[in-house]
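S.K.: Quick one: structure below, then a few questions.
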Amino acid sequence: MSHYFTPALGQINFDSTRIDLTNDGIRVMAVMSNTTADTEEDAVFVGDLGTLDELDATGYSRQTLANKSVVRDDTNDQWDFRADPINFGNVSNDNSRQVVGHVYYKFVTNDADSPIIAFVNGSIYPFDPDGGAYTVTPPGTPPVHLRTRNAS
């Protein structure tokens, strides 16, 4: 799968799929330790993942990013994608496996036609929700850095 960022439009292009980072509905889901989202680099849509293993804790649901922006960083020759922290609400600790990351995707109508943007993990993973507020700071603090592809 080839993808590149179109800075003037704030869009990512994946083969024939265009994602407008600031205007499209960008959603996030939590995935547990049996997921293959971290290894299936050729999966284009959420439905293409062999094993999603989405969080099964009581109170959990997928969330939509709010207050998204793409800001030009001339000093570093890149564009920064930012969004508000993701509030999943109060999520029980009755999940069957630990959370190992989050899948960011453009929601279209269902998993079969919703393209994956990224799988994100880091130093806070793996973890178990503690039964209280489950909030994640999305890539944006620091922001996700997007670089344009070189013209041939």
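The values are calculated or read from the model by the stated rules, or taken from the named source; none is laboratory data. The shown structure was predicted, so the numbers you read here are calculated from the model rather than taken from an experiment. Note that each Cβ is placed from the backbone with ideal geometry, even for glycine, and that neighbours are counted across all protein chains shown.
S.K.: So, of the residues in region 12-27 that are at pLDDT 85 or above and either small (Gly, Ala, Ser) or part of a strand (DSSP E or B) (or both), which turns out to be farthest from LEU65 (Cα to Cα)? First the steps, then the outcome.
M.R.: Initially, region 12-27 is screened for residues at pLDDT 85 or above, giving 23-27.
Checking the rest, the ones that are also either small (Gly, Ala, Ser) or part of a strand (DSSP E or B) (or both) come to 25-27.
On the way: GLY25: 7, ILE26: 6, ARG27: 6 Å.
It comes out as GLY25.
S.K.: Let me ask something else. Could you tell me whether PHE88 is closer than 20 Å to ASP53 by Cα and of a type in the set (Phe, Trp, Tyr)? Let's see the steps before the verdict.
M.R.: Values: closer than 20 Å to ASP53 by Cα: yes; of a type in the set (Phe, Trp, Tyr): yes.
Answer is yes for this residue.
S.K.: Considering only region 28-47, state which residues are touching a residue at least 40 places away in the same chain (Cβ under 8 Å) and surrounded by fewer than 20 Cβ atoms within 10 Å (Cβ to Cβ).
M.R.: Listed by number, the residues that qualify are SER33, ASN34, ASP38, GLU41, ASP42, ALA43, VAL44, PHE45, GLY47.
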